[in-house]
Amino acid sequence: MYYDTPRDFIGGVYDHLLYGDQPLGWDIIGRKETVRAATRETFLDYIGRWYKPVRMVVGLGGRLNGDALGTAERLLGDLEPDDTPVPEPVRLNGDSGPQVTIHHKESDQAHLCLGVPSFPLVHPDRWPLQMLTTVLGTGMSSRLFTEVRERRGLAYYVYAHNQPYTDAGSLYSQAGVDIARSEEAVETIVREFRRLVDEPVPAEELEKARALAKGRFVLRLESPQGMIVYGLGRQVLGDPALEPEDVLAGLDAVTAEDVQRVAHDVIASHGLNLALIGPFEDAAPFEQLLASD
């Protein structure tokens, strides 16, 4: 089902293009060969290698009674302390030039991911990068939604997202587009990426994006589930223990100059990467679109 759902599978094609043969470039679900070869020992060995107290965090959220910590201690307190292996650092796949990969599939719609390497999770410019992502492709007022879908009718869906990890990250746009107009769609998305480098974001547009980014963050924390996922993410991924008000203050401090500077650092400093799923045979036209100014 995953391989037959291009909207989901395109993310794996893009990750493999960006990261290659290393964990971030592999499909989490595995391959047919690894799934068929898995045994009970496969899972027990994995748990025995990685599931140690030093890597485990218990998160609790909601109306808790006084015995919650005692329960966690009773269930997990007898685990023996032990070190775990240190994962290899992430390497980017290929050089700094534009890269295109095509997963050939006969279909009525093409799916694409177009993006660049960005910053890891903890970075001094994380908030300007979030604002850049919001302006580019978050919500129905974003540039990609307005230009690609509303004005030109090129995409069934389109958005931008920044995916940070502990030692890597990627800013990308994903879209489902009309096959006959796929080159025009790629050209339009590339233009919106580069416009962020060439022009400062107008003040009114920046404020609308700031309100959206802050509103979505606050809304996330309205439920115990959202709060605990936020807290666990900080602990497990090594994020500084920022309070929600610190996040809001960070977003409030972002200027148009910050966004354009980060656009230079992230977009102008790297070649664009494009992953496509559709009935395409030749990558050359898309490579030209990525390389042209």
Å² of accessible area per residue within the stretch 180-237, as computed with a 1.4 Å probe and no ligands counted: 58
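Rounded to the nearest 20 debye, what is the charge dipole size of the chain about its Cα centre when +1 sits on each Lys and Arg Cβ and -1 on each Asp and Glu Cβ?
Details: 28 positive and 45 negative charges, 125 e Å.
Magnitude of the dipole: close to 600 debye.
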Among 229, 142, 190, the residue whose Cα sits farthest towards the positive end of the charge dipole of the stretch 132-238 (+1 at Cβ of Lys and Arg, -1 at Cβ of Asp and Glu, taken about the Cα centre) is 229
Quick check: residue separation of residue 282 and residue 191 times 0.36 nm, minus the Cα distance between them. What number comes out in nm? 30.6 nm
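If I compute solvent accessible area with a 1.4 Å probe over the protein chains, what percent of it on the chain is carbon and sulfur? Let's see the in-between values first.
Values: 8940 of 16830 Å².
Summing carbon and sulfur atoms, their accessible area is 53 percent of the total for the chain.
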The Rg/Rh figure for the stretch 53-154, Cα atoms and Kirkwood Rh, to two decimals is 1.15
Taking a probe of 1.4 angstrom, what is the accessible area of residue 91 in Å², to the nearest 10? 130
Cross-link partners of residue 105 among lysines (Cα-Cα below 22 Å; sequence separation of 8 or more within a chain): 32
Net charge near residue 192 (other residues with Cβ under 9 Å of its Cβ; Lys, Arg +1; Asp, Glu -1) is +3
Just to verify a number: what accessible area does residue 234 come out at with the full protein assembly present, 1.4 Å probe, Å² rounded to tens? 40
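Keeping all protein chains in place and using 1.4 angstrom, which order do 57, 158 fall into by accessible surface area, from largest down? Intermediate results must be reported in sequence, preceding the final value.
Numbers: 57 65, 158 10 Å².
Largest accessible area first, the residues go 57, 158.
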Distance in Å, no decimals, from the C-alpha centre of the stretch 21-76 to the one of the stretch 226-293 is 28
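When the helices in the chain are scored as -39500 (n - 2.57) per DSSP H run of 4 or longer and the sum is shared across all residues, what 222 nm value do you end up with, to the nearest 500 deg cm²/dmol?
On the way: 11 runs with 125 residues, N = 293.
So the calculated ellipticity at 222 nm is -13000 deg cm²/dmol.
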Between 0 and 90°, nearest 10: helix 126-137 axis offset from the chain longest Cα axis: 50
Additional length obtainable on full extension of the chain from residue 107 to residue 205, 0.36 nm per residue less Cα span: 31.6 nm
Within a Cβ distance under 13 Å of residue 183, other residues only, what is the Lys/Arg minus Asp/Glu net charge? -2
Based on the Cα atoms of the stretch 1-63, what semi-axes does the equivalent ellipsoid have, where each is the square root of 5 times one gyration tensor eigenvalue, given in whole Å with the largest first? 27, 19, 14
In the stretch 2-76, taking the dipole from +1 charges on Lys and Arg beta carbons and -1 charges on Asp and Glu beta carbons about the Cα centre, the listed residue (58, 22, 10) farthest towards the positive end is 58
With R₀ set to 45 angstrom, the calculated FRET efficiency between the beta-carbons of residue 265 and residue 63, to the nearest 0.05, is 0.55
Which length gain, in nm to one decimal place, applies between residue 84 and residue 7 when the Cα-Cα distance is subtracted from 0.36 nm times their residue separation? 24.2 nm
Counting only the backbone N, which residues of the stretch 1-44 are under 19 Å from the spot 7 Å out from the Cα of residue 92 toward its beta-carbon? 13-26
Computed accessible area, residue 264, all protein chains, 1.4 angstrom probe, square angstrom: 90
Run the quick spin-label model on residue 181 and residue 55: label points 7 Å from Cα toward the beta carbon, then report their separation in nm to one decimal. 4.7
I want to verify the translational diffusion coefficient of the stretch 181-257 in µm²/s; compute it with Stokes-Einstein, Rh as the Kirkwood radius over Cα pairs, at 4 °C and 1.567 mPa s. 86
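Dipole magnitude of the stretch 1-65 about its Cα centre, charges +1 at Lys/Arg Cβ and -1 at Asp/Glu Cβ only, in debye to the nearest 20? Intermediate values should be presented prior to the final figure.
Values: 9 positive and 8 negative charges, 78 e Å.
Around 380 debye, computed over the stretch 1-65.
With all distinct Cα pairs included, what does the Kirkwood hydrodynamic radius of the chain come out to in Å, to one decimal, could you say?
Details: mean 1/r = 0.0471 Å⁻¹.
Averaging 1/r across every pair of different Cα atoms and inverting gives 21.3 Å.
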Is there a quick way to get the dipole size of the stretch 63-103? I mean about its Cα centre, with the Cβ of Lys and Arg at +1 and of Asp and Glu at -1; what is the value in debye to the nearest 20? 340
Taking the dipole of the stretch 140-293 about the Cα centre (Lys, Arg +1; Asp, Glu -1; charges at Cβ), the one of 268, 249, 201 that reaches farthest to the positive side is 249
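The values are calculated or read from the model by the stated rules, or taken from the named source; none is laboratory data. Nothing here was measured: the structure is a model prediction, and the numbers come from that model. Don't worry about glycine lacking a Cβ; one is built from the backbone with ideal geometry, like all the others, and counts go over all protein chains shown. Keep in mind that these areas ignore ligands, DNA and RNA; they rest on the heavy atoms of the full protein, side chains included. Shrake-Rupley method; radii C 1.70, N 1.55, O 1.52, S 1.80 Å.
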